[in-house]
Amino acid sequence: MLRKSKIKNNIKFDIVVVGAGPTGIAFASGFSKTRLKVAVIDKLPRKIIANPKIDGREIALTHNSVNVLKKLGVWSSIPKNIVSLIKKARVIDGDSKYFLNFDHNEIQKKHLGYLVPNYIIKKNLYKKMKKISNISLIDKTECLSINIENQYAEIILSNRKKIQTSLVVAADSRFSKIRSKMGHSTFTRNFNKNMIVCRMRHEKTHKNIAYEFFRYNQTQAILPYVKNQSGIVTTANKDLTNNLMKMKKKEFNKEMENNFNNFFGKMRLVGKRYTYPMITTYAKKFVSNRFALIGDAAVGMHPVTAHGFNLGLRGLEILIDVINKAVKKGIDIGSVDALNEYQYKLHREAAPVYFATNSIINLYTSNIFPAKLTRQFALRFVNTIKPVKQTFLNILR
Ligand SMILES: Cc1cc2nc3c(=O)[nH]c(=O)nc-3n(C[C@H](O)[C@H](O)[C@H](O)COP(=O)(O)OP(=O)(O)OC[C@H]3O[C@@H](n4cnc5c(N)ncnc54)[C@H](O)[C@@H]3O)c2cc1C
């Protein structure tokens, strides 16, 4: 069972993870078969971490992400009747009939990926972590500051207690306070837009195809879920999204039917609408002495390409491997020498995805004429030039 959070002054851990979000918990759980003593700190109470609220996010997972969740022993506990399979993905520009198509056959798999509600992933991650005896959850506690010493890092907590550790791993969101306190700056982009996510039931089948419709004042995505339902994602300026949030249910349903040109027939809102600001962040450095960033704290992706958590899982997979190798070789797990390999590998994988995604969004949300022309050309370019399309498909493997 998970250790109770009775923390005395100057208690020692090998690794302290700040943030019990999905990345922090998944990372900590990766040390279940080791002798490392790991603590996970979160300002939220255990009750909320164990039973996360529905947040409207339907998470599209790649094959690699599912493999990571299998290795952590989490995938098998997620009921399969609430997992949807994505077979194809289509990107459509404005009202054009032309679309960019990604098909599962192109990656030699039976489907492109899986769709699982975020709260289900979080709930099952916690369920797994609570059974691991070398992990302690310190809830209702904020990490206030970190002092880096030669032999250890000292963490000052909001309950005035201090803990010592060889390595601090920040998984405290894209707005990570710890990252700023440790002097790690970011490339930050505020798109000045909001995203509304909700689930809708619709008359016509989605045939397990995900769609991204880039319109001129908003983008709409549809993520095919189970039982003729889909995750509907609308990105637009704040005035428009505020209006959509305030609309009565019936009016909202009609608006969505019209927005999709009756593509899915009658549409009905299931549950609530949730809104998120569109701000992306990319940390210039992922590591420093006794400190590493993971998940959104390292790379806070734009959700439009659905890669945030996928990159988070890839990152923690690399970092777990780097730490296990250092332990085997008897190297200090907090040393920059040990952590540099993680930084190098994650930058190499994350930078192209992050910067390409932001450029695509710039292009497809611009209303100026050259951008409209370029976006028509870009879809054909990616669709027909094999190496370019392969770059996008590689991410899905
Ligand atoms: C609308 C939307 C749709 C998305 N869809 C997809 C998708 O389809 N596929 C995909 O791969 N990704 C998707 N993502 C991205 C994915 O949700 C995130 O990448 C993921 O949730 C990040 O998890 P995290 O653990 O890094 O951070 P978070 O979930 O933000 O967790 C951070 C945790 O840190 C805690 N914390 C913060 N500060 C402190 C502190 N000082 N001390 C202690 N605790 C602290 C918080 O309480 C929280 O529990 C989507 C995101 C959005 C917004």
For residue 227, the aspartates and glutamates lying under 19 Å Cα to Cα, once residues fewer than eight places off in the same chain are dropped, come out as 58, 203, 257
The correct pair for the range 144-284, radius of gyration to one decimal and Dmax as a whole number, both in Å and from Cα atoms, is 21.3, 64
Checked against the positive end of the charge dipole of the chain (+1 on Cβ of Lys and Arg, -1 on Cβ of Asp and Glu, about the Cα centre), the farthest of 347, 259, 76 is 76
For the range 71-146 the translational diffusion coefficient, Stokes-Einstein from a Kirkwood Rh over Cα pairs at 25 °C and viscosity 0.890 mPa s, in µm²/s, is roughly 151
Classified through the alpha carbon gyration tensor (a ≥ b ≥ c as square roots of its eigenvalues; rounded if a/c is under 1.5, else prolate when a/b is larger than b/c, else oblate), the range 29-75 comes out oblate
In terms of the alpha carbon gyration tensor, root eigenvalues a ≥ b ≥ c, rounded if a/c is under 1.5 and otherwise prolate when a/b exceeds b/c or oblate, the range 218-320 is prolate
Checking rank on 336-342, 135-141, 109-115, 146-152, with mean other Cβ inside 10 Å and highest first, the result is 135-141, 109-115, 336-342, 146-152
GNM on the chain, Cα springs under 10 Å; top mean-square fluctuation among 224, 45, 277 goes to 45
Residue span residue 82 to residue 150: 0.36 nm per residue of separation minus Cα-Cα distance leaves a gain in nm of 19.6 nm
Taking a ≥ b ≥ c as the square roots of the eigenvalues of the Cα gyration tensor, with a/c under 1.5 meaning rounded and otherwise prolate when a/b exceeds b/c and oblate if not, the chain is prolate
Ranked output for segments 298-305, 52-59, 349-356 by mean other Cβ atoms within 10 Å, highest leading, reads 298-305, 52-59, 349-356
Magnitude of the Cβ-charge dipole (Lys and Arg +1, Asp and Glu -1) of the chain about the Cα centre, nearest 20 debye, reported as 1300
For the table 80/272; 43/249; 47/161; 122/272; 128/250, the rows whose alpha-carbon distance is greater than 29 Å are 43/249; 128/250
The answer for the chain, counting only DSSP H helices whose Cα atoms cover 18 angstrom or more along the axis and whose Kyte-Doolittle average is 0.0 or greater, is 308-329, 369-384
Between residue 217 and residue 108, the FRET efficiency computed from the C-beta separation at R0 = 56 Å comes out, to the nearest 0.05, as 0.90
Once amide hydrogens are built 1.01 Å from N within the peptide plane, the residues lying 5 or more places from residue 291 or on another chain with amide H under 5 Å from its amide H are 168
Computed about the Cα centre, the charge dipole of the range 284-347 from +1 Lys/Arg and -1 Asp/Glu charges at the Cβ has a magnitude in debye, to the nearest 20, of 100
Protection proxy (average C-beta count within 10 Å per residue), highest first, orders 61-71, 182-192 as 61-71, 182-192
For residue 285, the lysines lying under 23 Å Cα to Cα, once residues fewer than eight places off in the same chain are dropped, come out as 177, 181, 325, 345
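None of the figures in this text is laboratory data; all of them are computed from the coordinates on show. All values reported here derive from a predicted model rather than from experimental measurement. Please note: Cβ atoms are built from the backbone with ideal geometry, for glycine as well, and neighbour counts cover all protein chains shown.
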